[in-house]
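S.K.: For reference, the structure I am asking about is given below.
The values are calculated or read from the model by the stated rules, or taken from the named source; none is laboratory data. Note that the structure is a prediction, hence the values are computed from the model and not measured. Using ideal geometry, Cβ is built from the backbone for each residue, glycine included, and neighbour counts are taken over all protein chains shown. Only protein heavy atoms, including side chains, enter the accessible area calculation; ligands, DNA and RNA are left aside. Shrake-Rupley method; radii C 1.70, N 1.55, O 1.52, S 1.80 Å.
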Amino acid sequence: MIEKLYNLKKMQTDQKLMQKGQIVSKIGHIDDEIMFTENKINTTSVQKFGAISDFSILQMHKNTMAHHIQELEKQKAVLNKELDILVKEIIELQKQSEQYKYILQEQKEEEFRKILLSEEEASNEYIQSKYITG
């Protein structure tokens, strides 16, 4: 039973680690998109002698990209919160897994001690029977 619980906790930990990897990947993707958008804001321009409306369109475009960056930052903040919660869950699962592992190890050592004790009793009985018959 303890071994099943240990395996369950270990499997849950592995699943949480995979989720963590996915979230970290999403955060990296958002960081890349933010960097790309900021670069577009800094490099977007109009023709030197263009119409005045070009400048207002450029400003609207830059404002739209700045708004997009704000939205990405919000998504990143949400993902970072999820990541923090996930890390805490992983730590708790690892603690539980270690507890079950310790219990399993103790059970195995106890079984080993019982086997050694029974072998010692059997050898003592054998030696006593040799002395009695000898």
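S.K.: If you go through the stretch 46-62 one residue at a time, do you hit one that is in a helix (DSSP H, G or I), in contact with a helix residue (DSSP H, G or I) (Cβ under 9 Å, 6 or more places away or on another chain) and surrounded by 14 or more Cβ atoms within 10 Å (Cβ to Cβ)? Working first, answer last.
M.R.: Step one: of the stretch 46-62, the residues in a helix (DSSP H, G or I) are 52-62.
Keeping just the survivors that are in contact with a helix residue (DSSP H, G or I) (Cβ under 9 Å, 6 or more places away or on another chain) gives 61-62.
With the extra rule that they be surrounded by 14 or more Cβ atoms within 10 Å (Cβ to Cβ), the set shrinks to 61-62.
Taking every residue of the stretch 46-62 in turn, at least one turns out to be in a helix (DSSP H, G or I), in contact with a helix residue (DSSP H, G or I) (Cβ under 9 Å, 6 or more places away or on another chain) and surrounded by 14 or more Cβ atoms within 10 Å (Cβ to Cβ).
S.K.: Turning to a different aspect of this structure: Using the structure shown, decide if I115 is closer than 20 Å to S25 by Cβ, out of contact with any Pro (no Cβ under 6 Å at 6 or more places or on another chain) and open to solvent by 80 Å² or more (accessible area, probe 1.4 Å).
M.R.: The answer is no for I115.
S.K.: Another question about this same structure. Where the second residue is of a type in the set (D, E, K, R) and the first is under 16 Å from Q105 (Cα atoms) and lies in the stretch 1-12, which pairs have Cβ atoms under 8 Å and are six or more apart or on separate chains?
M.R.: Short answer, once both residue conditions are applied: Y6/K101.
S.K.: Checking the conditions here, which among K81, K20, K10, K26 is under 30 Å from Q99 (Cβ atoms), open to solvent by 80 Å² or more (accessible area, probe 1.4 Å), in contact with a helix residue (DSSP H, G or I) (Cβ under 6 Å, 6 or more places away or on another chain) and at pLDDT 85 or above? Outline the logic, then answer.
M.R.: Numbers: K81 fails: in contact with a helix residue (DSSP H, G or I) (Cβ under 6 Å, 6 or more places away or on another chain); K20 fails: open to solvent by 80 Å² or more (accessible area, probe 1.4 Å); K26 fails: under 30 Å from Q99 (Cβ atoms).
Of K81, K20, K10, K26, the one residue that is under 30 Å from Q99 (Cβ atoms), open to solvent by 80 Å² or more (accessible area, probe 1.4 Å), in contact with a helix residue (DSSP H, G or I) (Cβ under 6 Å, 6 or more places away or on another chain) and at pLDDT 85 or above is K10.
S.K.: Would you confirm, using the coordinates I've provided, whether L72 is within 19 Å of the chain's Cα centre (by Cα), open to solvent by less than 60 Å² (accessible area, probe 1.4 Å) and at pLDDT 90 or above?
M.R.: Values: within 19 Å of the chain's Cα centre (by Cα): no; open to solvent by less than 60 Å² (accessible area, probe 1.4 Å): yes; at pLDDT 90 or above: yes.
It is false that L72 is within 19 Å of the chain's Cα centre (by Cα), open to solvent by less than 60 Å² (accessible area, probe 1.4 Å) and at pLDDT 90 or above.
S.K.: Could you list, in sequence order, all residues of the stretch 55-95 that are among the β-branched types (V, I, T) and closer than 13 Å to D31 by Cα?
M.R.: Let us first name the residues in the stretch 55-95 that are among the β-branched types (V, I, T), namely 57, 64, 69, 78, 85, 87, 90-91.
Residue satisfying the conditions is I69 alone.
S.K.: Kindly indicate whether A77 is among the small types (G, A, S) and over 41 Å from the mean Cα position of the chain (by Cα).
M.R.: Details: among the small types (G, A, S): yes; over 41 Å from the mean Cα position of the chain (by Cα): no.
Considered against the rule, which asks whether it is among the small types (G, A, S) and over 41 Å from the mean Cα position of the chain (by Cα), A77 comes out as no.
S.K.: With respect to I90, is the statement that it is within 30 Å of K108 (Cβ to Cβ), loosely packed, with under 15 Cβ neighbours inside 10 Å and touching a residue at least 24 places away in the same chain (Cβ under 8 Å) true?
M.R.: No, not satisfied.
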